[in-house]
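Participant: Before we start, here is the structure in question, set down as structure tokens.
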Amino acid sequence: MYSRALTKIQALILIIVVVVAIVAAASWYATSVQKPVVKEVKVGVIMPLSGPVAEFAIHTRRMVEMLFEEYNAKGGIKSLGGAKLVPVWADDKGNPSEAVSEVERLITVEKVSVIFGAFTSGSTLAIAAVCEKYHVPLVVMTAFSEEITRQGYKYVFRPHVTTTPYVNYMMEFVIKKLKPKTIAHVYENSVWGATNAKVSKAWLEKNAPDVKIVLWEGYSRKPPIDLTALVLKIKEAKPDVLLVSSYLQDAIVLMKTMYELDCYVPNIIAFGAGFTDPKFIKEVGKLALGVFVACYSNYDNPRPKAQEVIKAFYNKYGYWPTGDALAAAQDFQVLVDAIEQAASPDPEKIYEALRNTNIPEEEGILYPVKFDEHGDNIYAFSYVTQIQLSKEGKLEWFTVWPEKFAVRSITTPLLPYEERLKDP
């Protein structure tokens, strides 16, 4: 009787041991065998690598290339055991239709986890719909138009400043510091330029109704660019302040045509873009002296994280990064932060991490980052620079607004052409 009971107890113990062993083995198998080791996370990077905008986009491209290289060199994605962050490049040529096709390929063929792009507002607006369709998050790179994040999309996130806060800071500067009685705006007529025109006009009508609008006109930048007729209208309108939304080649043509037709205005302020490109100063020389340029940021930004990126870019490429390149650095920071937080290549998990992004003041490259219901950063703002002579006599951009970041005082009005161009 006792022996038989003992046998039953032994049998019960044996069963328990076997069950525990099976459960342990299954658990080990599930975690160690079935779960694949993530060696890389693929990021679809789309921007103009060729075409009419590529010459201007090259600085942002270089910044992005540098940041991918640096990130992987420092150990890759730590939450995934050092998995590499792999950029899969796509060239949209600055064309929205091309952008849509390329993003379809990146998502369905290349199987990327997230899209980073697309530099121009027109292309970015187009690909946002594709990303939303496939539930693949889009981290907007540099694109500015507010329309991108006003379509009701869930999967679109923009870390840098968008149109309304950008215009608010810029126009506040114009009214407070330049005090115009009349104003004009000439703009390239893509999504970017048209949005600038729409938002800045609405701002004036609401906040400065006494300032008279004397000219508000778009133009095509399709080559060959001829702005003669437009410049003659500016000359006739005689604005106190001329707002300009131009990419690189049209910015150069505009400034040279204004000089050739003796079209002088007391103040010019550009919506960044072509006016921030080193080639702009190289091509127009002292015609640029005194021009104000709104921008995402400038290379004299004193923030520690900004200076890290600025110095790294200069050491690698031999010149200072543009405002667009610095915006891309802020965008990249958010991209990698989300992938780290997600600890997964799963687009849905990256989306959730993006939605919960909270980069604090001391960590942000240009500013803290937290997204609103549209996917825009609630902390983002813009800067205003002025092209002045450095101590060495070189034309450079110096931050003049907001005042707490200003490194120079403004000079106004613009010098007449003969004084601007004379040798020191």
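The values are calculated or read from the model by the stated rules, or taken from the named source; none is laboratory data. Bear in mind that the values here come from a model prediction, so they are computed numbers and not experimental data. Glycine gets a Cβ as well: all are built from the backbone with ideal geometry, and neighbour counts include every protein chain shown.
Participant: Please work out if residue 200 is of a type in the set (S, T, N, Q) and within 17 Å of residue 174 (Cβ to Cβ).
Facilitator: Values: of a type in the set (S, T, N, Q): yes; within 17 Å of residue 174 (Cβ to Cβ): yes.
So residue 200 fits the description; yes.
Participant: For a quick check of your reading of the model, give me the residue pairs whose first member lies in the stretch 96-122 and is within 19 Å of residue 58 (Cβ to Cβ) and of a type in the set (Phe, Trp, Tyr), whose second is surrounded by fewer than 22 Cβ atoms within 10 Å (Cβ to Cβ) and at pLDDT 95 or above, with beta-carbon atoms closer than 9 Å and at least 6 apart or on different chains.
Facilitator: Once the first residue is within 19 Å of residue 58 (Cβ to Cβ) and of a type in the set (Phe, Trp, Tyr) and sits in the stretch 96-122, its partners that are surrounded by fewer than 22 Cβ atoms within 10 Å (Cβ to Cβ) and at pLDDT 95 or above give 116/87; 119/61.
Participant: Out of (1) at pLDDT 95 or above; (2) in the same structural domain as residue 327 (by TED's automatic domain parsing); (3) surrounded by fewer than 24 Cβ atoms within 10 Å (Cβ to Cβ); (4) assigned to a helix (DSSP H, G or I), what's the single condition that is false for residue 151?
Facilitator: Result: residue 151 fails condition (4) only.
Participant: What number goes with the only condition from (1) under 14 Å from residue 385 (Cβ atoms); (2) more than 19 Å from the chain's Cα centre (by Cα); (3) among the charged types (D, E, K, R) that residue 300 does not pass?
Facilitator: The single condition residue 300 does not satisfy is (2).
Participant: Now a separate question. Which residues, taken from the stretch 93-116, are charged (D, E, K, R) and within 21 Å of the chain's Cα centre (by Cα)?
Facilitator: Going residue by residue through the stretch 93-116, those that are charged (D, E, K, R) are 93, 98, 102, 104-105, 110-111.
Of everything in the stretch 93-116, those that are charged (D, E, K, R) and within 21 Å of the chain's Cα centre (by Cα) turn out to be 93, 98, 102.
Participant: Another question about this same structure. Name, by its number, the condition in (1) closer than 20 Å to residue 161 by Cβ; (2) crowded, with 22+ Cβ neighbours inside 10 Å; (3) at pLDDT 95 or above that does not hold for residue 255.
Facilitator: (1)
Participant: Further, regarding this structure: Just the residues that are outside any loop (DSSP other than H, G, I, E, B) and in contact (Cβ under 8 Å) with a residue 60 or more places away in the chain, please, taken from the stretch 356-382.
Facilitator: Of everything in the stretch 356-382, those that are outside any loop (DSSP other than H, G, I, E, B) and in contact (Cβ under 8 Å) with a residue 60 or more places away in the chain turn out to be 369, 371, 376, 377.
Participant: So, one more: Can you work out which of the residues in the stretch 173-201 that are at pLDDT below 95 and not in a helix (DSSP H, G or I) is surrounded by the most Cβ atoms within 10 Å (Cβ to Cβ)?
Facilitator: Applying the filter and picking the extreme gives 190.
One line per residue, one yes/no per condition, for (1) part of a helix (DSSP H, G or I); (2) in contact (Cβ under 8 Å) with a residue 12 or more places away in the chain; (3) of a type in the set (S, T, N, Q):
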position	(1), (2), (3)
337	yes, yes, no
340	yes, yes, no
351	yes, yes, no
384	no, yes, no
419	yes, no, no
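Participant: Can you say whether residue 396 is among the charged types (D, E, K, R), closer than 22 Å to residue 274 by Cβ and either in the same structural domain as residue 175 (by TED's automatic domain parsing) or loosely packed, with under 13 Cβ neighbours inside 10 Å (or both), as far as the supplied structure shows? I'd like the intermediate steps shown before the answer.
Facilitator: Values: among the charged types (D, E, K, R): yes; closer than 22 Å to residue 274 by Cβ: yes; either in the same structural domain as residue 175 (by TED's automatic domain parsing) or loosely packed, with under 13 Cβ neighbours inside 10 Å (or both): yes.
The answer is yes for residue 396.
Participant: Kindly indicate whether any position in the stretch 201-219 is in contact (Cβ under 8 Å) with a residue 40 or more places away in the chain and among the hydrophobic types (A, V, I, L, M, F, W, C).
Facilitator: Filtering the stretch 201-219 down to residues in contact (Cβ under 8 Å) with a residue 40 or more places away in the chain leaves none.
Checking the stretch 201-219: not a single residue is in contact (Cβ under 8 Å) with a residue 40 or more places away in the chain and among the hydrophobic types (A, V, I, L, M, F, W, C).
Rundown of residues vs (1) surrounded by 12 or more Cβ atoms within 10 Å (Cβ to Cβ); (2) touching a Gly at 6+ places or on another chain (Cβ under 9 Å); (3) modelled with pLDDT under 95; (4) within 26 Å of residue 154 (Cβ to Cβ), yes/no style:
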site	(1), (2), (3), (4)
1	no, no, yes, no
20	no, no, yes, no
46	yes, yes, no, yes
56	yes, yes, yes, no
59	yes, no, no, no
63	yes, no, no, no
77	yes, no, no, yes
98	yes, yes, no, yes
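Participant: Right, another one. Using the structure shown, decide if residue 316 is in the same structural domain as residue 184 (by TED's automatic domain parsing) and among the charged types (D, E, K, R). Write out each step before concluding.
Facilitator: Values: in the same structural domain as residue 184 (by TED's automatic domain parsing): no; among the charged types (D, E, K, R): yes.
It is false that residue 316 is in the same structural domain as residue 184 (by TED's automatic domain parsing) and among the charged types (D, E, K, R).
Participant: Which numbered condition in (1) more than 22 Å from the chain's Cα centre (by Cα); (2) more than 12 Å from residue 243 (Cα to Cα); (3) among the aromatic types (Phe, Trp, Tyr) is the only one that residue 216 fails?
Facilitator: For residue 216, the failing item is (2).
Participant: Within the stretch 312-324, does at least one residue satisfy the condition of being of a type in the set (Asp, Glu), surrounded by 18 or more Cβ atoms within 10 Å (Cβ to Cβ) and either in contact with a Phe, Trp or Tyr (Cβ under 7 Å, 6 or more places away or on another chain) or without any contact (Cβ under 8 Å) to a residue 40 or more places away in the chain (or both)? First the steps, then the outcome.
Facilitator: Within the stretch 312-324, the first condition is being of a type in the set (Asp, Glu), and the residues that meet it are 324.
If we keep only those that are surrounded by 18 or more Cβ atoms within 10 Å (Cβ to Cβ) too, we end up with 324.
Still in the list and also either in contact with a Phe, Trp or Tyr (Cβ under 7 Å, 6 or more places away or on another chain) or without any contact (Cβ under 8 Å) to a residue 40 or more places away in the chain (or both): 324.
The answer is yes; a qualifying residue exists.
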